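The structure appears below as structure tokens.
The values are calculated or read from the model by the stated rules, or taken from the named source; none is laboratory data. In this text the structure is predicted, and so the values were computed from the model without any measurement. Glycine gets a Cβ as well: all are built from the backbone with ideal geometry, and neighbour counts include every protein chain shown.
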Amino acid sequence: MKTAVIYLGQDPTYKDSPMVELNYVKDFTARVVERGKNYVILDRTAFYAKGGGQPFDTGRLEWEGGSARVSRVLKEGGSIHHIVDEVPVSHEVTGKLDWDRRHAHMRMHTAQHLLSGVVFRMFGARTVGNQLYIDYSHVDFAPVSFTHEDLRRIEEEFNEVVETNVPVTIYEEEREALEESIEEERAIMELIPKGIRRLRVIQIGEIDLCPCAGTHVRNVSEIGRMRILRRRSKGKDVERITYELF
């Protein structure tokens with residue numbers, strides 16, 4: 001049983017909204033379609049399930065006469081499982097996201113795309129891994145060997161882009177069309193299963209373009225400034241940049 005996901009724009013309630021705006025849905029109503037010992041599956045959800053280096057959302061499910069804490073959100077067997085401390089007895093629930101956590105991940109994720117785009121443009125290095133957190137995140141690049149001066153230039157370029165207020169656009173594109181327009185080394189298209197023919201794309205003005213299923217902010221100005229905390233070797237020609245936003 002599969003569930004619709006509001007932030008992917010699959011819910012008809014939001015069909016006229018720009019896809020980036022769906023990332024800002026903080027609460028929603030839904031119907032319980034499956035119950036387990038410690039989880040529920042809903043017919044639609046705004047909770048992000050862990051994936052792509054982005055952590056899951058947390059929050060609450062509320063119904064008449066009760067409520068439950070959503071401590072984890074996972075995708076299993078094509079369905080989104082909301083792990084709860086109490087399984088709702090009602091068929092109808094209201095979901096409420098922990099917005100500060102969600103928004104922090106949105107800022108970090110868009111920052112990761114911008115950082116990846118800047119490094120790719122400056123050094124031709126591809127992103128080979130990333131992990132987001134609330135207060136810091138890291139991205140792995142290859143093949144590259146950064147100097148201290150390189151890190152200064154990357155940080156400077158990133159923050160200059162933030163000051164330009166470039167909009168972030170989210171849309172869907174057929175795989176074949178995207179493969180013709182995107183730079184292969186930036187997108188790592190081979191990691192996306194061949195069976196997925198229509199992809200969700202994140203575009204940061206003319207600066208970066210990459211398929212992604214995560215949540216993002218409307219404009220780079222919402223990211224804030226970035227500071228590189230450290231550089232670490234992760235193997236031959238692979239380097240990790242850890243950064244924070246402020």
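Of the residues making up segment 45-92, those that are over 23 Å from Thr215 (Cα atoms) and part of a strand (DSSP E or B) are Glu62, Trp63, Gly66, Ser67, Ala68, Glu92.
Every condition in (1) at pLDDT 95 or above; (2) within 15 Å of the chain's Cα centre (by Cα) is met by Ala68 except one, and the failing one is (2).
Suppose the filter is in contact (Cβ under 8 Å) with a residue 60 or more places away in the chain and among the basic types (Lys, Arg); does Lys50 pass it? Full working, then the answer.
Numbers: in contact (Cβ under 8 Å) with a residue 60 or more places away in the chain: no; among the basic types (Lys, Arg): yes.
Taking the combined requirement at face value, the residue does not satisfy it.
Tell me whether segment 181-198 contains one or more residues that are farther than 30 Å from Glu149 by Cβ, in the same structural domain as Asp135 (by TED's automatic domain parsing), hydroxyl-bearing (Ser, Thr, Tyr) and within 19 Å of the chain's Cα centre (by Cα). Walk me through how you get there before you give the answer.
Within segment 181-198, the first condition is being farther than 30 Å from Glu149 by Cβ, and the residues that meet it are 181, 189-198.
Add one more test, that the residue is in the same structural domain as Asp135 (by TED's automatic domain parsing), and what stays is 181, 189-198.
Of the ones still in play, those that are also hydroxyl-bearing (Ser, Thr, Tyr) are 181.
Those left that are additionally within 19 Å of the chain's Cα centre (by Cα): none.
Taking every residue of segment 181-198 in turn, none turns out to be farther than 30 Å from Glu149 by Cβ, in the same structural domain as Asp135 (by TED's automatic domain parsing), hydroxyl-bearing (Ser, Thr, Tyr) and within 19 Å of the chain's Cα centre (by Cα).
From the list Glu163, Glu180, the one residue that fits, being closer than 15 Å to Asn219 by Cα and surrounded by fewer than 17 Cβ atoms within 10 Å (Cβ to Cβ), is Glu163.
Of the residues Leu97, Leu115, the single one that is within 14 Å of Met226 (Cα to Cα) and either surrounded by 16 or more Cβ atoms within 10 Å (Cβ to Cβ) or not assigned by TED's automatic domain parsing to the domain that holds Ile228 (or both) is Leu115.
Scanning segment 125-137 for residues that are farther than 20 Å from Gly205 by Cβ, hydroxyl-bearing (Ser, Thr, Tyr) and touching a Ser or Thr at 6+ places or on another chain (Cβ under 8 Å), which turns out surrounded by the most Cβ atoms within 10 Å (Cβ to Cβ)? Reasoning before the result, please.
Initially, segment 125-137 is screened for residues farther than 20 Å from Gly205 by Cβ, giving 125-126, 128-137.
Filter again for hydroxyl-bearing (Ser, Thr, Tyr), leaving 133, 136-137.
Narrowing further to those that are touching a Ser or Thr at 6+ places or on another chain (Cβ under 8 Å): 136-137.
Values: Tyr136: 15, Ser137: 26.
Taking the candidates together, the pick is Ser137.
Considering only residues that are under 10 Å from Tyr39 (Cβ atoms), in contact (Cβ under 8 Å) with a residue 60 or more places away in the chain and surrounded by fewer than 17 Cβ atoms within 10 Å (Cβ to Cβ), which ones fall in segment 72-92? Before you say what the answer is, go through the steps one by one.
Going through segment 72-92, the residues under 10 Å from Tyr39 (Cβ atoms) turn out to be 72-74, 76, 79-84, 87.
Now restrict to residues that are in contact (Cβ under 8 Å) with a residue 60 or more places away in the chain: 79-80.
Residue satisfying the conditions is Ser79 alone.
Residues of segment 93-129 that are farther than 30 Å from Arg31 by Cα and outside any helix (DSSP H, G or I): Gly124, Ala125, Arg126, Thr127, Val128, Gly129. Return a yes/no flag: does segment 138-159 have any residue that is surrounded by 14 or more Cβ atoms within 10 Å (Cβ to Cβ), closer than 25 Å to Met106 by Cβ and small (Gly, Ala, Ser). No, the conditions are met nowhere in segment 138-159.
Residues are listed down the side, and each one gets a yes or a no for (1) among the β-branched types (Val, Ile, Thr); (2) out of contact with any helix residue (DSSP H, G or I) (no Cβ under 7 Å at 6 or more places or on another chain):
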residue	(1), (2)
Arg102	no, yes
Ile154	yes, no
Glu163	no, yes
Val166	yes, no
Glu176	no, yes
Leu199	no, no
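Does at least one position in segment 130-138 carry a residue that is within 19 Å of Lys26 (Cβ to Cβ) and not assigned by TED's automatic domain parsing to the domain that holds Asn165? The answer is no; no qualifying residue exists.
When only residues in segment 135-193 that are outside any loop (DSSP other than H, G, I, E, B) and aromatic (Phe, Trp, Tyr) count, which is farthest from Ser116 (Cα to Cα)?
So in segment 135-193, the residues outside any loop (DSSP other than H, G, I, E, B) come out as 137-142, 148-162, 167-181, 184-187, 189-191.
So of that shortlist, the ones also aromatic (Phe, Trp, Tyr) come out as 141, 158, 171.
Values: Phe141: 8, Phe158: 10, Tyr171: 19 Å.
Among those that are outside any loop (DSSP other than H, G, I, E, B) and aromatic (Phe, Trp, Tyr), it is Tyr171.
Among the residues of segment 200-227, the ones that are touching an Asp or Glu at 6+ places or on another chain (Cβ under 6 Å) and surrounded by 18 or more Cβ atoms within 10 Å (Cβ to Cβ) come to 1 in all. The set of residues from segment 195-235 being closer than 17 Å to Arg126 by Cβ and part of a loop (DSSP other than H, G, I, E, B) comprises Ile207, Cys212, Lys234, Gly235.
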